[in-house]
Amino acid sequence: MALSSTLGYAGLLVALSLLIWLALRGINIVFAALLSAGVVIVSNGLPLAEGLGEYFAFGPLGAFTFAGRFFLLFAAGAMFGRVMGDSHAASSIALAMVRKLGPSRALWITVLATALLTYGGVVVFVVIFAMYPLGIKLLQQANIPKRLFCAALALGAGTFTLTALPGTPSIHNVISSVALGTDLFAGGWLGILASALMFGLGMWYLESQRLRATANGEGFVAGPRDRHLAEDPGEASYPHWTLALLPPVLVLGAILLPRMLTAFLGEGDSSAYTLLAFANAQPVIWPSLALFAGTLLTVLMFPAVRRHALHSIGEGTQDAIIPLINTAAVIGFAGVVTQTQGFAQFTGVMLDSSLPPLLSMFTSISVISAITGSASGGLQIFMSTMAEGYLNMGIAPATLHRLATIAAGGFDSLPHSGAVVATLTITGLTHREAYRDMGVVTVVIPVLAVLTCMAVASLW
């Protein structure tokens, strides 16, 4: 028994190390997840057919179970992001920021623009693709190293707008809402505190690194991908920035309005209240419908995308596939891990430990997110296997919703994270060149933020 247990633990460590190593080598994350899952299955004596066919693929935490549940939200966000890019509305918003802040504020512009788009519901991967051409222009004008652009993208699109800001339609916020029966604004004051810390510390770090790079003579260096960017028609063809803001405002308004009206009007039997109740009870469907509405408004407003609307929307749907499948594959790997004796012992130890409940919760979600390399994957597993135990310890559902969601966005961004690998691939940089800065803004600062919020919550 002891030998079997030791082999199982060793298999888990080898599998996780293999997954990280393959990701660092640039190997396809789906293949890496399958191979690593195979190592877990063999070393822990799990049935092969059941391990691959159920635990990895179609079980409660299976890859395709996750993909099916959240496909509509991924697709809707990707469609909206594609038409916002093809209509040049996203570029118009960002260039308006350039005029207000100046080219030397390229990092601020990148963070604010990506944060606005992500909080508006645009899928993170789509935001990266949409912002990259504009970001290259800003970097050239300000002579800022590309490594800091990667970190700015990560800060704006992958931290506070995904896990902390109340009301965000991100997958992470939705997962917690579905699991706990809370709404997307749960733990709002904790989310606002965490967002302020992530944004403030993140911008301080980016600006200090920009000044240091300037002092050291480090500037922008174009990569091979930069010379093959799509031709830009020029600012004259962009819509006015006030018009460009209307679609994301519609998306945010459609998501926010039902909750605000419900609080204002109270309960009732009217058809209007029935619609509001439906919207508040559908954390996946309703944000998806809001994103579809934003897509339709963008197409109707801007001729640049209206001429080939079906093509753009179709390409947007395609944009959703890679992030969805990559995330699902990593969840499938973690779904296999959750069936092992070692994972069961870990969850038991954490739930029965003498640690304060909030600290135990933070440790649990951090370890799971680190294993999966995915905040959404780690959060899905945590909510399915451990959340009820922490509710029974006395943590309020709203507090657990917000703190667990923020905590999931810390150690998820280790080098094997799919989002990290994608960002570096798109920008043409290596882990050696850019991961240090990304790691500070996506791992170190979010962890500091959630620990601060935990301390405040424990005193409240």
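The values are calculated or read from the model by the stated rules, or taken from the named source; none is laboratory data. What you see is a predicted model; the values in this text were computed from it and never measured. We place every Cβ from the backbone using ideal geometry, glycine too, and count neighbours over all the protein chains shown. Quick note on the areas: whole protein, heavy atoms, side chains included, nothing else; ligands and nucleic acids left out. Shrake-Rupley method; radii C 1.70, N 1.55, O 1.52, S 1.80 Å.
Overview of values
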read-out	value
Given (1) polar (S, T, N, Q); (2) open to solvent by less than 20 Å² (accessible area, probe 1.4 Å); (3) at pLDDT 90 or above, number of the condition Thr340 does not satisfy	(3)
Flag for Val447 being modelled with pLDDT of 90 or more, of a type in the set (Val, Ile, Thr), under 24 Å from Leu193 (Cα atoms) and open to solvent by less than 40 Å² (accessible area, probe 1.4 Å)	yes
Residues of region 44-54 satisfying the condition of being assigned to a helix (DSSP H, G or I) and either crowded, with 20+ Cβ neighbours inside 10 Å or of a type in the set (Phe, Trp, Tyr) (or both)	Gly51
Test: residue in region 366-388 that is open to solvent by 10 Å² or more (accessible area, probe 1.4 Å) and touching a Pro at 6+ places or on another chain (Cβ under 6 Å)	no
Residues that are open to solvent by less than 10 Å² (accessible area, probe 1.4 Å) and more than 16 Å from Val337 (Cβ to Cβ), drawn from region 350-365	Ser360, Met361
Residue within region 10-33 that is open to solvent by 70 Å² or more (accessible area, probe 1.4 Å) and over 23 Å from Ser369 (Cβ atoms) present	no
Top-ranked residue in region 64-100 [being farther than 16 Å from Leu296 by Cα and charged (D, E, K, R); ranked as most open to solvent (accessible area, probe 1.4 Å)]	Lys100
Residue count for region 101-116, restricted to those that are buried (at least 22 other Cβ atoms within 10 Å of the Cβ) and either β-branched (Val, Ile, Thr) or not in a helix (DSSP H, G or I) (or both)	4
Thr182 vs. criteria open to solvent by 10 Å² or more (accessible area, probe 1.4 Å) and β-branched (Val, Ile, Thr)	yes
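For (1) under 17 Å from Met383 (Cα atoms); (2) more than 19 Å from the chain's Cα centre (by Cα), each residue gets a yes or a no:
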{"residue": "His308", "(1), (2)": "no, yes"}
{"residue": "Ala329", "(1), (2)": "no, no"}
{"residue": "Gly332", "(1), (2)": "yes, no"}
{"residue": "Val337", "(1), (2)": "yes, yes"}
{"residue": "Pro356", "(1), (2)": "no, yes"}
